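Here's the structure we're looking at; comments come further down.
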Protein chains: 2
Amino acid sequence: MTSETAGPQPAPPPGPRPRPGGRTARTRRQVLDAALAELGAHGYDGLTMEAVAARAGVHRTTVYRRWRDVGGLLADVLDAAGTDDWGPPDTGSLEDDLTGLNEEIHDALTARPPVVPALIAASFRSPQAAEAQRRLWDDRYARCEVVVERALARGDLPAGTEARPLLVAATAPLYHQLLLLGTAPDPQLARRAARATALAAAAGAFTGRQPAADT
Amino acid sequence: MTSETAGPQPAPPPGPRPRPGGRTARTRRQVLDAALAELGAHGYDGLTMEAVAARAGVHRTTVYRRWRDVGGLLADVLDAAGTDDWGPPDTGSLEDDLTGLNEEIHDALTARPPVVPALIAASFRSPQAAEAQRRLWDDRYARCEVVVERALARGDLPAGTEARPLLVAATAPLYHQLLLLGTAPDPQLARRAARATALAAAAGAFTGRQPAADT
């Protein structure tokens, strides 16, 4: 598990990776790697089909034909990132599993070049990229549900605890603080958010329907 | 307190409002209202200085001279939104105060036209708007700290509970779910996030330095 491939965030792995398939698969991988590198270097506004083709060493008509535009390219980057075999930590403790997950998100959101923030920012520009981004997050959160299932099986959580809202609560402060509020990297943030959510979950905060307001 | 002016989010009030000051203040208000209306109608990509000037009934050279570009205009919209007298709910209960706050954020993030999401999206485009957005959030969170101080004074929270991380934890799931994950409006979300955070806070999750990992 590397910090770059992990978590509900969409970080695709940099550098070498297996290149299954034939020439088409190789070309796709080259182009998507080039798109990521260009995005990291220049952001969405500096991302062009021409520069991606040049960096990938592929003719630009190939890139236009297969991906049509920058939104299509980024959507495929995100879809490709979802085909890895990433899984969440398994430490034997809910708080530690969530902390490990959050540390991966923290690293991805603060890495240089800021590829993951650029992909998320791109999803505010391209509806196609936004859909792919949400598919990827949905898949990542689905993979993380086992963290909650294991805690339930250990008897560490009240019966009926729902995985998805728990996982969103645990990870949301990372995205909010690092991406929206723009605060500096915070070495306490991953554990603090994990611990708060584990404490809330143990107290029954995520067990199905909420009680009505009691005031 | 209205749902549009409230919360850590930057929603500026729509419709009539006091117009203190002379002609300069009136012109500013007209232009900023027009910028918001154009942003809500067309998004950042459709926002032009010309359209804002035309909608405001102000000569476009006035708009260019004072705000220079769309980023400058949106930064001023956000700065102006921070000059209201908004304050957080005061219900006598931490969970209910946070729920009220979150309901305002929920309403702002799901309102039509989507002015607040468009302002946040614009902050990914314009560094000047991003800085203004963060100033506004910082001011809103600072105003909300009284919610935690009151809970401490009532003896409802452990001594040493820190306000800011508690407030970020309470509100982050709203932004994450509605803005980034793009889920549908969720009538349970405001209270669920408030309740989880109040339970975690009561259990000591936000009391200063976190303990080291114990695994």
Fill in: Matching residues in segment B:122-136 - criterion: being at the interface with chain A (Cβ under 9 Å from one of its Cβ atoms), open to solvent by 20 Å² or more (accessible area, probe 1.4 Å) and either aromatic (Phe, Trp, Tyr) or assigned to a helix (DSSP H, G or I) (or both)
B:Phe124, B:Glu131, B:Arg134
Worksheet entry | Matching residues in segment B:201-215 - criterion: being modelled with pLDDT of 95 or more and either closer than 25 Å to B:Leu109 by Cα or in a loop (DSSP other than H, G, I, E, B) (or both) | B:Ala203, B:Gly204, B:Ala205, B:Phe206
Worksheet item: Given the conditions (1) crowded, with 17+ Cβ neighbours inside 10 Å; (2) modelled with pLDDT under 90; (3) assigned to a helix (DSSP H, G or I); (4) not hydrophobic (A, V, I, L, M, F, W, C), which single one is not true for B:Asp33?
Response: (2)
Fill in: Given (1) without any contact (Cβ under 8 Å) to a residue 12 or more places away in the chain; (2) assigned to a helix (DSSP H, G or I); (3) aliphatic (A, V, I, L, M), index of the condition B:Ala184 fails
(2)
Practice prompt. Answer yes or no as to whether B:Ala159 is of a type in the set (A, V, I, L, M), surrounded by fewer than 20 Cβ atoms within 10 Å (Cβ to Cβ) and touching a residue at least 24 places away in the same chain (Cβ under 8 Å).
Written response: yes
Item to complete: Go through the residues of segment B:179-195 one by one and say whether even a single one is at pLDDT below 95, small (Gly, Ala, Ser), out of contact with any Asp or Glu (no Cβ under 9 Å at 6 or more places or on another chain) and more than 30 Å from B:Leu39 (Cα to Cα).
Response: no
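Is it the case, given these coordinates, that B:Tyr175 is closer than 26 Å to A:Leu136 by Cβ, facing chain A (nearest Cβ under 10 Å) and either part of a helix (DSSP H, G or I) or hydroxyl-bearing (Ser, Thr, Tyr) (or both)? Walk me through how you get there before you give the answer.
Values: closer than 26 Å to A:Leu136 by Cβ: yes; facing chain A (nearest Cβ under 10 Å): yes; either part of a helix (DSSP H, G or I) or hydroxyl-bearing (Ser, Thr, Tyr) (or both): yes.
So B:Tyr175 passes the test.
Scanning segment A:179-192 for residues that are buried (at least 17 other Cβ atoms within 10 Å of the Cβ) and among the aliphatic types (A, V, I, L, M), which turns out farthest from the other protein chains (Cβ to nearest Cβ)?
Step one: list which residues in segment A:179-192 are buried (at least 17 other Cβ atoms within 10 Å of the Cβ), which gives A:179-181, A:189-192.
Those still in the list that are among the aliphatic types (A, V, I, L, M) too: A:179-181, A:189-190.
Numbers: A:Leu179: 8, A:Leu180: 6, A:Leu181: 6, A:Leu189: 8, A:Ala190: 10 Å.
Going through the qualifying residues, I end up with A:Ala190.
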Discussion item. So, in segment A:137-167, exactly how many residues are basic (Lys, Arg) and outside any helix (DSSP H, G or I)?
Written reply: 1
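From the list B:Arg195, B:Arg154, exactly one residue is under 27 Å from B:Gly92 (Cβ atoms) and at the interface with chain A (Cβ under 8 Å from one of its Cβ atoms). Which is it?
None of the other options fit; the residue is B:Arg195.
How many of the residues making up segment A:51-85 are of a type outside the set (Gly, Ala, Ser) and surrounded by 19 or more Cβ atoms within 10 Å (Cβ to Cβ)?
So the answer is 9.
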Worksheet item: Which condition number in (1) hydroxyl-bearing (Ser, Thr, Tyr); (2) within 14 Å of chain A (Cβ to nearest Cβ); (3) assigned to a loop (DSSP other than H, G, I, E, B) is the one that B:Thr83 fails?
Response: (2)
Worksheet item: What do you reckon, is A:Asp85 without any contact (Cβ under 8 Å) to a residue 24 or more places away in the chain, out of contact with any Pro (no Cβ under 9 Å at 6 or more places or on another chain) and under 30 Å from A:Gly155 (Cα atoms)?
Response: yes
Worksheet item: Which of the residues that make up segment A:87-114 are part of a loop (DSSP other than H, G, I, E, B), modelled with pLDDT of 95 or more and among the charged types (D, E, K, R)?
Response: A:Asp90
Worksheet entry | Condition broken by B:Ala108, with the remaining ones in (1) open to solvent by 10 Å² or more (accessible area, probe 1.4 Å); (2) of a type in the set (Gly, Ala, Ser); (3) closer than 18 Å to B:Ala170 by Cβ satisfied | (1)
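The values are calculated or read from the model by the stated rules, or taken from the named source; none is laboratory data. Keep in mind the model is a prediction, meaning the values are calculated, not measured. Cβ atoms come from the backbone with ideal geometry, glycine included; neighbour counts cover every protein chain shown. Protein only, heavy atoms only, side chains kept; ligands, DNA and RNA dropped before computing areas. Shrake-Rupley method; radii C 1.70, N 1.55, O 1.52, S 1.80 Å.
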